[in-house]
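Asker: Please read through the structure below; I'll follow up with questions.
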Amino acid sequence: MNEVLAAGMIMLTGWEKKTPLVDPMCGSGTILTEAAMIAMNMAPNLKRKDFGFRTWPEYSPILFNNVKTEEQNKMRKPSLDLTGIDIDDNAVTLARKALGKIGLRREVKIKTMDFRDYKPIHDHGMIITNPPYGERIGDNILDFYQTMGDAFKQNFQGYDAWLISSNKQALKQIGLKDSKRIKLYNGKLECDFSKYELY
């Protein structure tokens, strides 16, 4: 998942910066990284060191530095409650490195564990996640989505869960009626970005 899609998904949910946010299949942490940047009012690529436009004839170092300083001054350090979970320790390592590169490693909690075993400490919050679509899990994908739905219903009561997936058949196994559905593209894949209210 690319950064633009992740940021767009977060904005579409109406997530408020003080609301606890969990990505139970965080992979390399793209959704959480974008959420932290949005909450801190950090402009995209603010930490990037090199840009291709610096070779343009019209490039003005003074203008660029002024814009960069202006964006840096807009940044805030709010209290964040962002949690990422992934069963793959390598993915967790990548997520921590990605957050470290932009100075946000301490702001986001990343854990290696099965999402089914995670119990949130808050009685309300939001899930935003990009679960597997079935290309790599194979025939067990329907069972996986059913298990995911069961875990959300048991462990995340009071949360809103937003899932993006191209596998419409698998989404039916969640066991809940979505209250909102938005068509998005993850690369070339047409996906449903669906909201489930976990009462």
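The values are calculated or read from the model by the stated rules, or taken from the named source; none is laboratory data. These numbers come from a predicted model, not from an experiment. Don't worry about glycine lacking a Cβ; one is built from the backbone with ideal geometry, like all the others, and counts go over all protein chains shown. Ligands, DNA and RNA are excluded from the accessible area calculation, which covers all protein heavy atoms including side chains. Shrake-Rupley method; radii C 1.70, N 1.55, O 1.52, S 1.80 Å.
Asker: Please go through segment 106-158 and pick out each residue that is of a type outside the set (Val, Ile, Thr), in a strand (DSSP E or B) and in contact with a Leu (Cβ under 8 Å, 6 or more places away or on another chain).
Answerer: Once the filter is applied, which keeps residues that are of a type outside the set (Val, Ile, Thr), in a strand (DSSP E or B) and in contact with a Leu (Cβ under 8 Å, 6 or more places away or on another chain), segment 106-158 yields Lys109, Gly125, Met126.
Asker: Could you tell me whether Ala161 is at pLDDT 95 or above and surrounded by 13 or more Cβ atoms within 10 Å (Cβ to Cβ)?
Answerer: Here the answer is yes, as Ala161 does meet what is asked.
Quick grid of which residues meet (1) at pLDDT below 90; (2) of a type in the set (S, T, N, Q); (3) assigned to a loop (DSSP other than H, G, I, E, B); (4) open to solvent by less than 70 Å² (accessible area, probe 1.4 Å):
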{"site": "Glu34", "(1), (2), (3), (4)": "no, no, no, yes"}
{"site": "Ala43", "(1), (2), (3), (4)": "yes, no, yes, yes"}
{"site": "Glu58", "(1), (2), (3), (4)": "no, no, yes, no"}
{"site": "Arg76", "(1), (2), (3), (4)": "yes, no, yes, no"}
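Asker: Touching a residue at least 12 places away in the same chain (Cβ under 8 Å), part of a strand (DSSP E or B) and in contact with a Gly (Cβ under 6 Å, 6 or more places away or on another chain): does that describe Ile182?
Answerer: The answer is no for Ile182.
Asker: List pairs: first residue in segment 188-199 and within 16 Å of Ile174 (Cα to Cα) and in a strand (DSSP E or B), second residue among the aromatic types (Phe, Trp, Tyr) and open to solvent by 40 Å² or more (accessible area, probe 1.4 Å) anywhere in the structure, Cβ distance under 9 angstrom, at least six positions apart or on different chains.
Answerer: Every condition considered, the pairs that remain are Cys191/Tyr185.
Asker: Here's something else I'd like to know. Suppose we keep only residues that are open to solvent by less than 50 Å² (accessible area, probe 1.4 Å) and without any contact (Cβ under 8 Å) to a residue 60 or more places away in the chain within segment 93-114. Which one would you say is nearest to Lys17 (Cα to Cα)?
Answerer: Once the filter is applied, the top-ranked residue is Gly103.
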